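Read the structure below first, then the notes.
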Amino acid sequence: AFREQLAEKLRRGQLPGGVRYLVCADPPGPRIGNGGSTLHALQCLEEQYGDQWTSFTVLLIHSGGYSQRLPNASALGKIFTALPFGDPVYQMLELKLAMYIDFPRHMKPGVLITCSDDIELYSTAVTETITFDKPGFTALAHPSDLAVGTTHGVFVLDPSSFSGEGGLEYGSCYRFLHKPDVETMQQSGAVCVRGDHPQLSCPGSRSDLGTASECVYTDSVFYIDHSTAKQLLMFYKQMGTLRCEIDAYGDFLQALGPGATPDYTKNTSNVSKEDSGLVGVRQQLYSLLQGTTLNVIVLNNSQFYHIGTTQEYLFHFTAESKLRFELDLQSVAFSIFPDTSRTLDQLCIIQSIVEPGCVIGSGSVIEYSRIGPEVSVGKGSIVSGSCINFSVDIPSNCFLSSVSVKITDRVEYVTMAFGVSDDLKKSVKLLSDVHSLRLFGASLPECLDLWSVEASEQLFSSKDTCLGLWTARVFPVCSTLSESARMSVNMLNSVQHKSAFNLSGFQLLSVEEMLAYKDVGDMLKFRKQIYDEICLQRQKEKSDF
């Protein structure tokens, strides 16, 4: 999926041509986390380019994961999430390259590591440059309020290397804390009182209300110089097969700086699965990296945004968010959209064709979709990759995303449907506990009753005891895209109105299975048809004009 999308962007001239693009998937077997993926990617670089890679400046973007909190990115990848600006629209990949465009010329050979669902905006004086040229690790640091610190990495800065003045400052980090609680931040000396540094207006805080005066410096992007990357690669090769999930942030950065202690290696509270040998691998990494410098580039005038959940996505794309203002995000981006409907500012239409007569509620996002004239979409909903050409009321706060699947040899369609705040990560071990799973405001057993679907072990696709919305086989396979959207909207309406809607007789898939059977080519073909139609319309408008 990634290679196809990259190739298409390069064909259209939408990406820099003088760059090498390499997609590396994790090796088969147990999940290895983004830290394991980093090590594996270094090995892929060496295999692909031999000694050449010693001179490379590399941007490594983690884009795996199932994207369970933003499932419209699950099938084609978070790094290809469309953004509501640009003509044609930019995706996260282009934004990343644009944000980091000044870095390579001030960077010695090495690897800059970033995620696919965060955005770092910063402003520096004309004379200030961000330079990655020191040995060891170098991380960007952003002022944030303490609540943000609890879900991020936090730097305990060495006070002698840091004055808190100016837009950009180079310092060193005494110790790195991974998702610490407030007490830990305070005890470790990570908290800066903004009274000391009046020009720090902690953009992540409520400072505009004049209440928050404390802030911490949180992580985002970090750089590893080539010789440190080489050391990590040697470690990976010696280890043979990795059988546990390593975190590139928690497990690499916590080993750095003079104040690092090995205590974190035994703390597995943040780990999704207790893996075989995790503590051992962490201890080996700790001894490998201990004593390595963690340089910090403090960007006092910067802001870190995350678009990894449906709530964040809706907020940043439709509400009066700071990000929307700073990036000049549009309400209608590269779409055919009737002028009569343009009065609504708080919505977001991305590369879609919306016909006159359609009504879209405020706070909703429509991407890569065709919406017919007799459709009304409620408030705060997400519709992705769908074709809705029939008369229907789509409820508020719902999530619809259509996927092309190939189970036998023909293409069919399934549309996943949830409430935007449903927890797709939650799972239970026992069938008797599935009542705690909520889908669009009702318990899962209530939904199953309404849909005439039997609750049994066979209802869930997962081999182990992971019973959750992600693995529940409830979405019908249909022969057309619009039929699959119709079925899934009917399912949501049946839950909302407590009215029966019979699914017996249909082949039903879970989201997990939809992704296993997805047909990437067909999904991209649908997007391309919309793209071509919009381009044609643009040309027609120009010639009419």
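The values are calculated or read from the model by the stated rules, or taken from the named source; none is laboratory data. Bear in mind that the values here come from a model prediction, so they are computed numbers and not experimental data. So basically every Cβ, Gly included, is an ideal-geometry build from the backbone, and we count neighbours across all protein chains shown. With ligands, DNA and RNA removed, areas are computed over all heavy atoms of the protein, side chains included. Shrake-Rupley method; radii C 1.70, N 1.55, O 1.52, S 1.80 Å.
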Condition check for ARG438: of a type in the set (D, E, K, R), in contact with a Phe, Trp or Tyr (Cβ under 7 Å, 6 or more places away or on another chain) and assigned by the TED database to the domain that holds GLU512: no
Selection count where residues are under 22 Å from VAL383 (Cβ atoms), among the hydrophobic types (A, V, I, L, M, F, W, C) and open to solvent by 10 Å² or more (accessible area, probe 1.4 Å), scope the stretch 308-326: 3
Odd one out for ALA442 among (1) open to solvent by less than 30 Å² (accessible area, probe 1.4 Å); (2) in contact with a His (Cβ under 6 Å, 6 or more places away or on another chain): (2)
Test: residue in the stretch 359-375 that is modelled with pLDDT of 95 or more, among the hydroxyl-bearing types (Ser, Thr, Tyr) and touching an Asp or Glu at 6+ places or on another chain (Cβ under 6 Å): no
Breaking point among (1) surrounded by fewer than 20 Cβ atoms within 10 Å (Cβ to Cβ); (2) of a type outside the set (Val, Ile, Thr); (3) closer than 21 Å to GLU183 by Cα; (4) in contact (Cβ under 8 Å) with a residue 24 or more places away in the chain, for ASP263: (4)
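Sort through PRO71, PRO30 and tell me the only one that's closer than 30 Å to PHE418 by Cβ, in contact with a strand residue (DSSP E or B) (Cβ under 9 Å, 6 or more places away or on another chain) and outside the structural domain of LYS425 (by the TED database).
PRO71
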Count of the stretch 476-498 residues which are more than 19 Å from GLU513 (Cβ to Cβ) and open to solvent by less than 10 Å² (accessible area, probe 1.4 Å): 4
Single unsatisfied condition, VAL403 versus (1) part of a strand (DSSP E or B); (2) on the phi > 0 side of the Ramachandran plot: (2)
The stretch 230-258, subset out of contact with any Phe, Trp or Tyr (no Cβ under 9 Å at 6 or more places or on another chain) and open to solvent by less than 30 Å² (accessible area, probe 1.4 Å), residue modelled with the lowest pLDDT: CYS244
Total residues in the stretch 228-258, condition over 18 Å from ALA139 (Cα atoms) and part of a loop (DSSP other than H, G, I, E, B): 7
Failed criterion for PHE526 (all others in (1) within 30 Å of VAL434 (Cα to Cα); (2) of a type in the set (Phe, Trp, Tyr); (3) surrounded by 19 or more Cβ atoms within 10 Å (Cβ to Cβ) hold): (1)
Positions within the stretch 23-58 being assigned to a loop (DSSP other than H, G, I, E, B) and in contact with an Asp or Glu (Cβ under 9 Å, 6 or more places away or on another chain), in sequence order: PRO30, ARG31, ILE32
One residue from PRO84, PRO88 being open to solvent by less than 10 Å² (accessible area, probe 1.4 Å), part of a loop (DSSP other than H, G, I, E, B) and touching a residue at least 24 places away in the same chain (Cβ under 8 Å): PRO84
Within the stretch 131-143, considering residues that are open to solvent by less than 60 Å² (accessible area, probe 1.4 Å) and touching a strand residue (DSSP E or B) at 6+ places or on another chain (Cβ under 6 Å), the one farthest from VAL191 (Cα to Cα): PHE132
Residues that are polar (S, T, N, Q) and surrounded by fewer than 20 Cβ atoms within 10 Å (Cβ to Cβ), drawn from the stretch 396-426: SER396, THR408, SER421
Unique residue being in contact with a helix residue (DSSP H, G or I) (Cβ under 7 Å, 6 or more places away or on another chain), without any contact (Cβ under 8 Å) to a residue 40 or more places away in the chain and under 16 Å from VAL511 (Cβ atoms) when the list is LEU459, LEU444, LEU467: LEU444
Single match in PHE390, PHE418 (criterion: part of a loop (DSSP other than H, G, I, E, B), at pLDDT 95 or above and either hydrophobic (A, V, I, L, M, F, W, C) or at negative phi (or both)): PHE390
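Could you grab me the full set of residues in the stretch 144-161 that are surrounded by 19 or more Cβ atoms within 10 Å (Cβ to Cβ) and closer than 25 Å to ASP251 by Cβ?
If the condition is that a residue be surrounded by 19 or more Cβ atoms within 10 Å (Cβ to Cβ) and closer than 25 Å to ASP251 by Cβ, then SER144, LEU146, VAL148, GLY149, HIS152, GLY153, VAL154, PHE155, VAL156, LEU157 are the ones that fit.
Any idea how many residues of the stretch 505-545 are under 29 Å from SER462 (Cα atoms), aromatic (Phe, Trp, Tyr) and either in contact (Cβ under 8 Å) with a residue 40 or more places away in the chain or part of a helix (DSSP H, G or I) (or both)?
1
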Which numbered condition THR38 fails, given (1) surrounded by 14 or more Cβ atoms within 10 Å (Cβ to Cβ); (2) over 23 Å from ALA98 (Cα atoms): (2)
